[in-house]
1. Could you derive backbone 3J(HN,Hα) for the stretch B:328-337 from the dihedral phi with the Karplus parameters 6.51, -1.76 and 1.60 (θ = phi - 60°), listing whole Hz in sequence and x where the residue is Gly or Pro?
2. More than 20 angstrom separation, counting every C-alpha pair in the stretch B:242-337; what % is that?
3. Can you list the aspartates and glutamates whose alpha carbon is less than 19 Å from that of B:K15, not counting same-chain residues fewer than 8 positions off?
4. For helix A:115-128, report the angle its Cα long axis makes with the longest principal axis of the Cα atoms of chain A; keep it between 0 and 90° and round to the nearest 10°.
5. Please state, rounded to one decimal and in Å, the Kirkwood hydrodynamic radius that the stretch B:206-292 gives when every pair of distinct Cα atoms enters the mean of 1/r.
6. Mind computing the radius of gyration and Dmax over the alpha-carbon atoms of the stretch A:165-215? Å is fine for both.
7. Just to compare against my own numbers: the Cα pair-distance distribution for the stretch A:56-140, 10 Å bins, whole % per bin, please.
8. Have a look at A:L98, A:A165, A:Q179 and report the one farthest towards the positive end of the charge dipole of the stretch A:84-224, computed about the Cα centre with Cβ charges (Lys/Arg +1, Asp/Glu -1).
Amino acid sequence: MLQMQDIGKLYQTEMVQTQALREFNLTVNEGEFIAVTGPSGSGKTTFLNIAGLLEPFSSGQYMLDGVDVGKLNDNQRSDLRNQKIGFIFQGFNLIPDLNLFENIEVPLRYRGIKTAERKRRVEQCLEQVGLAGRARHLPQQLSGGQQQRVAIARALAGEPRFLLADEPTGNLDSLMAKQVMTLLEELNRAGTTIVMVTHDQELARRTPRNIQIVDGQVADFTLYQGVQGTRENTQVPLGV
Amino acid sequence: MSEIKPILSALTRSKTGAILLVMQIAITLALVSNAMSIVADRAEKINQTTGYDEQGIISYTLLTYDKDTDIPKQFKEDIRQLKALDGVIDALAVSSIPLSRSGGSRTLSTDPEEHSGKTADSGYIRANHHVIGALGLTINEGRDFAQSDVIYGRDGDYPSVGIVSRAVADKLFGKGNGLNETVYSGDDAFKIIGIIDTLKSQWPRSKMGNSLIFLPIEEALTYQKFIVKTTPQKRAQVIKQIEPLLLDLDRGRVVMNIKGLDTSKADTYAGDTLMIRMLIAIVVFLVIITALGIFGLTHFNISKRTKQIGTRRALGARKSTIFKYFLLENLLVTALGVVIGGVGALVLGRELMGHYSVPPLETSAVLITAMMMLLMSFIAVYSPARRAANISPSVATRSI
């Protein structure tokens with residue numbers, strides 16, 4: 001499903017270069033549920049952005065469902081995101097001026113799906129996350145847990161090959177976090193590949209496989225347990 | 001176009017900015033279309049042909065204060081000397097200067113009993129038989145004055161003939177008639193021997209703008225106006241020569257208001273010219289303010305919706321989709337403003353017509369202004385929309 005080989009990501013400003021990922025290698029098989037953990041600044045978000053085709057990488061090779069991502073232009077990346085990937089964001093990222101129905105159909109509109117089919121899929125997804133009958137509500141009329149379920153419904157509506165979840169329970173209380181996690185586990189059991197970035201070790205332990213990112217590289221979970229403290233990304237002044 | 005429904009939904013739920021912009025566009029359209037209509041009307045009036053050779057005519061006024069001067073004799077000598085100047089074609093005394101907003105007018109009638117016949121108010125110019133040629137006019141029907149038609153001095157008989165503008169003839173005798181008809185004015189009467197189609201009076205902006213008669217009377221008064229016909233190339237040179245020449249001939253007088261007929265016309269239309277400039281300045285100001293409003297609101301919306309745009313990109317929107325989204329959103333707001341403004345413009349036009357002397361507002365003027373507003377709106381939104389399209393999808397995962 002997802003193969004990253006020697007991926008590197010270098011951020012460059014006028015003053016400093018920051019190596020966010022280096023020789024990053026990861027393979028995710030179809031149907032897996034993986035938790036990605038790591039300290040702040042370790043490169044988790046950069047990994048998520050590259051895995052989700054939200055930003056380009058500097059070196060290496062990334063194959064997503066058999067497609068060499070490095071060879072795609074911006075439009076092709078947009079289309080691939082739309083067709084293959086579902087996103088769940090920490091802050092839900094629902095569009096406040098659109099009701100739940102309209103929020104969920106956003107990715108379907110970009111795919112050019114007809115009105116009747118959009119309606120069917122949106123209603124099915126709302127049903128799936130337990131929010132059927134609230135299609136005309138605005139996001140701000142819902143609790144945080146309900147909003148995250150809407151975001152999950154939006155991610156599912158496009159029937160993606162895999163879900164990328166960025167701290168999906170980060171803004172929720174423990175009860176709602178458990179509900180959302182349970183929903184993700186159900187989706188995984190139904191066959192969806194899920195990669196979840198999280199700070200929450202307890203949540204991570206509920207997934208079959210954990211990886212840790214340290215200093216922009218993949219570290220074994222067991223190995224990570226021996227690491228003391230947090231290591232920041234290497235920052236090298238320009239010209240050095 | 002599948003984005004129209006969600007854009008409308010979003011606009012109706014977050015409408016303050018959009019409503020303000022709609023109002024701004026509507027007010028701008030209503031004011032601009034009426035202002036442009038007035039500008040077009042005034043410009044058309046200014047640019048109307050007067051019938052005169054405006055570039056080749058000089059007018060001046062002589063005030064003779066030396067009581068010993070034999071005025072008729074002196075004027076004859078003046079004219080002779082003026083005609084000797086390089087570039088001068090003709091020169092003669094006239095009772096008033098065309099287009100100058102100064103002169104005399106009379107009520108003309110088709111019947112000796114004024115109230116029994118058709119009447120027309122008209123300006124008049126008294127001058128000798130050279131006047132038609134000197135002013136560069138063309139007689140379209142009938143004939144010019146002959147020397148034998150001319151009456152000399154005010155105390156003489158009233159002339160038996162006159163030349164009138166087409167507007168006077170039509171008003172008195174019906175369209176296309178009037179030649180050889182007799183016109184009455186008070187105790188006087190004259191026969192129309194010539195009709196001029198294109199002819200403006202001394203007051204071209206008034207209701208008498210096209211009504212003028214010429215009467216063949218040559219006068220020589222202490223306060224007398226003159227016209228000098230020159231070649232256009234030599235006119236500027238002749239203008240400089242007139243005062244020294246006349247004062248050399250006789251010091252007992254003052255030469256005033258030496259100017260070209262085009263200058264007299266410009267003075268007459270100075271109010272219209274000023275209004276045109278002011279209205280154009282207001283129009284430009286309004287359009288710039290509205291364009292800045294669209295530009296500013298779109299910029300604000302983009303800044304406010306940066307994360308939303310990033311999320312849309314993350315969900316699969318192409319750059320072009322985001323660009324089109326903002327263009328379409330702006331088009332919908334502008335179109336609503338244009339529709340409301342179009343109706344407002346017609347209502348305002350009717351009100352202005354009822355209260356002031358302005359022409360009826362043409363629907364085409366509103367449509368042209370509306371098209372200009374849509375174009376202006378597109379130009380104003382283009383750059384912010386491009387900026388929005390370039391927002392990275394990775395913004396969606398940032399904590400902002």
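1. For the stretch B:328-337, the Karplus curve yields 5, 4, 5, 4, 5, 5, 5, 4, 5, x Hz.
2. Numbers: 3037 of 4560 pairs.
Across the stretch B:242-337, Cα pairs with separations above 20 Å total 67 percent.
3. A:D97, A:E102, B:E3, B:E329
4. Helix A:115-128 sits roughly 80 degrees off the main axis of chain A.
5. On the way: mean 1/r = 0.0573 Å⁻¹.
Result for the stretch B:206-292, one decimal place: 17.4 Å.
6. For the stretch A:165-215, the Cα radius of gyration and maximum Cα-Cα distance read 10.9, 34 Å.
7. Calculated over all Cα pairs of the stretch A:56-140, the distribution is 15, 40, 28, 16, 2 percent.
8. A:L98
The values are calculated or read from the model by the stated rules, or taken from the named source; none is laboratory data. Bear in mind the structure is a predicted one, so any value in this text is a computation, not a measurement. Reconstructed Cβ throughout: ideal geometry from the backbone, glycine too, with neighbour counts over all protein chains shown. To get the accessible areas, we keep the full protein, side chains included, count just its heavy atoms, and leave off ligands, DNA and RNA. Shrake-Rupley method; radii C 1.70, N 1.55, O 1.52, S 1.80 Å.
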